[in-house]
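Student: Here it is, the structure in full.
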Amino acid sequence: MEITEAVTEIIQETAPELGEVISGEAEHVGSVFTGLLEYVSKILPSLASALLVFGIGILLSKFFLKFLAKTLEKSKLDKTAAGFLHSLIRVVLYILVTVIML
């Protein structure tokens, strides 16, 4: 019984201090989440417009690449060179869309 009484006494002595520590940490976590929410609400319009520009740019790039593929297919250009040119232009367009999005 002496051990349980000692443990009970220790818990009773440290409980108020532990409660204060937990309360302080809860306030800190709350302030972090509040700051995060404010930050997200500030960047949300920019993020939405960037994603819209990216989506439209990718769609336009794909339409252009389909047109280019048909044009290269009809041309007298070697198939290997046409494939290389198509891949090169695709990479350049995607990089351009990404830079515009930023």
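The values are calculated or read from the model by the stated rules, or taken from the named source; none is laboratory data. Owing to the predicted nature of the structure, the values given are computational and were not obtained by experimental measurement. Every residue, glycine among them, receives a Cβ derived from its backbone with ideal geometry; neighbour counts consider all protein chains shown.
Student: Just one of ALA15, ALA26, ALA6, ALA82 is modelled with pLDDT of 75 or more and out of contact with any Lys or Arg (no Cβ under 7 Å at 6 or more places or on another chain); which is it?
Tutor: Every option except ALA82 fails the conditions.
Student: Of all the residues that make up the stretch 78-100, how many are within 25 Å of ILE56 (Cα to Cα) and surrounded by 11 or more Cβ atoms within 10 Å (Cβ to Cβ)?
Tutor: So the answer is 14.
Student: Restricting the search to the stretch 46-79, which residues are over 33 Å from the mean Cα position of the chain (by Cα) and in a helix (DSSP H, G or I)?
Tutor: Residues satisfying the conditions are LYS70, THR71, LEU72, GLU73, LYS74, LYS79.
Student: Report, by residue number, each residue of the stretch 50-79 that is at pLDDT below 90 and among the small types (Gly, Ala, Ser).
Tutor: Across the stretch 50-79, the qualifying residues are ALA50, ALA69, SER75.
Student: Here are some conditions: (1) surrounded by 11 or more Cβ atoms within 10 Å (Cβ to Cβ); (2) out of contact with any helix residue (DSSP H, G or I) (no Cβ under 8 Å at 6 or more places or on another chain); (3) of a type in the set (Val, Ile, Thr). VAL32 meets all but one. Which one does it not meet?
Tutor: (1)
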